[in-house]
Protein chains: 2
Amino acid sequence: MTRDLKAPICVLGTGLIGGSLLRAATAAGYENWGYNRSEDGARAARADGFDVTSDLVAALTRAAESDALIVVAVPMPAVDHLLGTIAAYAPRCPLTDVVSVKGPVLAAVHRHGLAARYVGGHPMAGTSESGWAATFPELFRDAVWAVGVDEGTHVDPWRRVVRLALDCGSVVVPVVAAEHDRAVARISHLPHVLAEALAVSGASGGPLALGLAAGSFRDGTRVAGTAPDLVRAICEPNRAALLEVLEDTLTVLSAARDSLRDNGSLADLVTAGHDGRRDYETAERWAITDVRPGEHDWLEALRVAGQRGGVLTELP
Amino acid sequence: MTRDLKAPICVLGTGLIGGSLLRAATAAGYENWGYNRSEDGARAARADGFDVTSDLVAALTRAAESDALIVVAVPMPAVDHLLGTIAAYAPRCPLTDVVSVKGPVLAAVHRHGLAARYVGGHPMAGTSESGWAATFPELFRDAVWAVGVDEGTHVDPWRRVVRLALDCGSVVVPVVAAEHDRAVARISHLPHVLAEALAVSGASGGPLALGLAAGSFRDGTRVAGTAPDLVRAICEPNRAALLEVLEDTLTVLSAARDSLRDNGSLADLVTAGHDGRRDYETAERWAITDVRPGEHDWLEALRVAGQRGGVLTELP
């Protein structure tokens, strides 16, 4: 399928992630076009020289004609509607997405009969800005891009998605949907929840507390500056995994509260937290080089490698 | 007391804050010397040209002879011992501190009979590094420096402390001990506690979760990289205020958990958090210009101004 590797891409949704993807794909030499629901957003993209329409059927018809890789780049609440239209106008195109949660997208893809050519994706990149104005082609440079290796994944669309991620400058972490969702609950959705709670607490202290706030508060609340609708669209679809992580965190914080109250000590929490941060700082990615897509058990082999910190740095 | 304004300073403890203060005071033209408990630390400072000894009595005797402003710059657990020695060798020197909590220091100062010339201080500056090697003179530049206006504060030492803070490049927030401690519980100690809890949760996800972690996790756990002993020495002495804030935060997070579980919604938390971060970003400091130290009710007038976001940008 080498001839397909730089086949065109069609990006649905031209906000921060989708728009930056159009820019990065252009820089990497991909023919590409996009769709945006709001004509204002589409016009802003066109003003910068990108081929973006607010006519979804037109974008999808063109994708079907040229076997483009379709990239769903809208928040979770808008995914179902898009998949329905894709099923009607471009059901045989390879399909991926950049949505922050994978289980619910995979389920929706199955409901719409699109599973055979679907491979989930999630670039771990973003800023607290949103919309076309915030897009830039280097957003994915040196980032990690989760790519699905769920049971039944086909090699051809999988290679197209991996190739796109690599061409945008990312490394690829192979992961199945449920494990992705549990992991991002810990390292992406919980940070949002804690940042919001910290911002609430600081503001409750009024001008004196906010005036005394320095680096720890500034960094700890940074992502609370993200648009509320976007935070909700990121976190709420991952309800089950986030609830589990929130319960764990309430347990950890309650134990710290008890220890501080009864013994004046935060030793257990602080020691464990410092160890955790050290694990994060010293975590080493290693390149997966021994798995050949399509061979026996390739999906499971990639899944296990991803769990152990392995990444793909080139197309296997 | 204008002649005293650049009178010498004697800094007890030459870690990140105390050592950086020696550097900043030197840059501002103050005669200064320091004490450090470990001879290794003192030697490191001397190697950089600073007059630092590990002989506490010698440092204090010199302070008493020259009416130096003594700055206590050790973690809370070491404060009591230092104050006992100050009471023995330099009881009439003006006295301040840079400890992260003010109520316990004020109480200890009273126990040692040193209250008449004491003014509490707390520069809101730091990094996750510690020790002499981490010191630099610009640490306090554009920072906020809390200075005590507790009942019974005398004008002369108060002016010396304010002048030092201003000469180091900070603005001064006037605040009483109890209100300071409640405020920093919200904007300094809670950020530490939440960062530790987030780091614990991330590490629990293993190499996969840590490998997918991006900006929100990195920023949210940054201060969990601080040495555990230092975090405990900062947070634990503020037990009462931190317990209150932790209870509030457990309530906020439990409500968010309930809402997510029962309604699939994080709306209340996310809206309130976004509002709080906006309050922080748009908080405006204003200069206090209408209070003359020593006049009737000057301490209360400064306290009220500090509560409302007022700062001193020059010596009144």
Confirm whether A:Glu151 is in contact (Cβ under 8 Å) with a residue 60 or more places away in the chain, among the acidic types (Asp, Glu) and touching a Leu at 6+ places or on another chain (Cβ under 9 Å).
-> yes
From B:Asp262, B:Asp219, residue being more than 10 Å from every other protein chain (Cβ to nearest Cβ), in a helix (DSSP H, G or I) and under 30 Å from A:Arg239 (Cβ atoms) | B:Asp262
Tell me, please, whether a residue that is modelled with pLDDT of 95 or more, in contact with a strand residue (DSSP E or B) (Cβ under 6 Å, 6 or more places away or on another chain) and part of a helix (DSSP H, G or I) can be found in the stretch A:276-295.
-> no
Mind listing whichever residues of the stretch A:288-310 are surrounded by 13 or more Cβ atoms within 10 Å (Cβ to Cβ) and out of contact with any helix residue (DSSP H, G or I) (no Cβ under 7 Å at 6 or more places or on another chain)?
-> A:Trp298, A:Leu299, A:Glu300, A:Ala301, A:Leu302, A:Arg303, A:Val304, A:Ala305, A:Gly310
Only one of (1) closer than 25 Å to B:Ala209 by Cα; (2) within 7 Å of another protein chain (Cβ to nearest Cβ); (3) free of Cβ contacts under 8 Å to residues at least 60 places away in the same chain is not met by A:Ser170, so which one is it?
-> (2)
Quick one: which residue in B:Val161, B:Val172, B:Val200, B:Val184 is outside any helix (DSSP H, G or I) and of a type in the set (A, V, I, L, M, F, W, C)?
-> B:Val172
Residues (part of a helix (DSSP H, G or I) and touching a residue at least 24 places away in the same chain (Cβ under 8 Å)) located in the stretch B:98-110 = B:Gly103, B:Pro104, B:Val105, B:Leu106, B:Ala108, B:Val109
Within the stretch A:125-149, how many residues turn out to be surrounded by fewer than 20 Cβ atoms within 10 Å (Cβ to Cβ) and either within 11 Å of chain B (Cβ to nearest Cβ) or assigned to a loop (DSSP other than H, G, I, E, B) (or both)?
-> 9
Checked the stretch B:175-201 for anything more than 7 Å from every other protein chain (Cβ to nearest Cβ) and either in contact with a Cys (Cβ under 9 Å, 6 or more places away or on another chain) or among the hydrophobic types (A, V, I, L, M, F, W, C) (or both); matches are B:Val176, B:Ala177, B:Ala178, B:Ala185, B:His189
Would you call B:Asp268 at the interface with chain A (Cβ under 7 Å from one of its Cβ atoms) and closer than 19 Å to A:Thr221 by Cβ?
-> no
With respect to A:Ala195, is the statement that it is without any contact (Cβ under 8 Å) to a residue 40 or more places away in the chain, crowded, with 24+ Cβ neighbours inside 10 Å, touching a Lys or Arg at 6+ places or on another chain (Cβ under 9 Å) and aliphatic (A, V, I, L, M) true?
-> yes
Filter result for A:Val109 (within 20 Å of the chain's Cα centre (by Cα), of a type in the set (Val, Ile, Thr) and more than 22 Å from A:Leu16 (Cβ to Cβ)) | yes
Just to be sure, is B:Leu230 surrounded by 24 or more Cβ atoms within 10 Å (Cβ to Cβ) and more than 19 Å from A:Glu284 (Cβ to Cβ)?
-> no
Would you be able to say whether some residue in the stretch A:49-71 is at pLDDT below 95, over 17 Å from A:Arg111 (Cβ atoms) and part of a loop (DSSP other than H, G, I, E, B)?
-> no
Within the stretch B:271-298, the residues that are of a type in the set (S, T, N, Q) and more than 9 Å from every other protein chain (Cβ to nearest Cβ) are B:Thr282, B:Thr289
The condition from (1) more than 7 Å from every other protein chain (Cβ to nearest Cβ); (2) part of a helix (DSSP H, G or I); (3) of a type in the set (A, V, I, L, M); (4) in contact (Cβ under 8 Å) with a residue 60 or more places away in the chain that A:Ala301 misses is numbered (4)
Scanning the stretch B:222-237 residue by residue, those within 8 Å of another protein chain (Cβ to nearest Cβ), of a type in the set (D, E, K, R) and within 19 Å of A:Asp268 (Cβ to Cβ) turn out to be B:Arg232, B:Glu236
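Table: residues versus (1) at pLDDT 95 or above; (2) among the charged types (D, E, K, R); (3) surrounded by fewer than 24 Cβ atoms within 10 Å (Cβ to Cβ).
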{"site": "A:Thr85", "(1), (2), (3)": "yes, no, yes"}
{"site": "A:Tyr89", "(1), (2), (3)": "yes, no, yes"}
{"site": "A:Pro94", "(1), (2), (3)": "yes, no, no"}
{"site": "A:Ala116", "(1), (2), (3)": "yes, no, yes"}
{"site": "A:Gly120", "(1), (2), (3)": "yes, no, no"}
{"site": "A:Arg163", "(1), (2), (3)": "yes, yes, yes"}
{"site": "A:Ala183", "(1), (2), (3)": "yes, no, no"}
Tell me, please, whether a residue that is modelled with pLDDT of 95 or more, within 22 Å of B:Leu243 (Cβ to Cβ) and more than 10 Å from every other protein chain (Cβ to nearest Cβ) can be found in the stretch A:238-245.
-> no
Only one of these is in contact with a Lys or Arg (Cβ under 6 Å, 6 or more places away or on another chain), touching a residue at least 12 places away in the same chain (Cβ under 8 Å) and within 22 Å of A:Thr226 (Cα to Cα): B:Gly202, B:Gly225, B:Gly220. Name it.
-> B:Gly202
Within the stretch B:10-48, restricting to residues that are among the β-branched types (Val, Ile, Thr) and not in a strand (DSSP E or B), the one that is farthest from B:Ile86 (Cα to Cα) is B:Thr26
Counting only residues that are of a type in the set (S, T, N, Q) and either farther than 14 Å from B:Leu69 by Cα or touching a Lys or Arg at 6+ places or on another chain (Cβ under 6 Å) (or both), the stretch B:80-96 contains a total of 1
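The values are calculated or read from the model by the stated rules, or taken from the named source; none is laboratory data. Just so you know, these numbers come straight off a predicted model, no measurement behind them. So basically every Cβ, Gly included, is an ideal-geometry build from the backbone, and we count neighbours across all protein chains shown.
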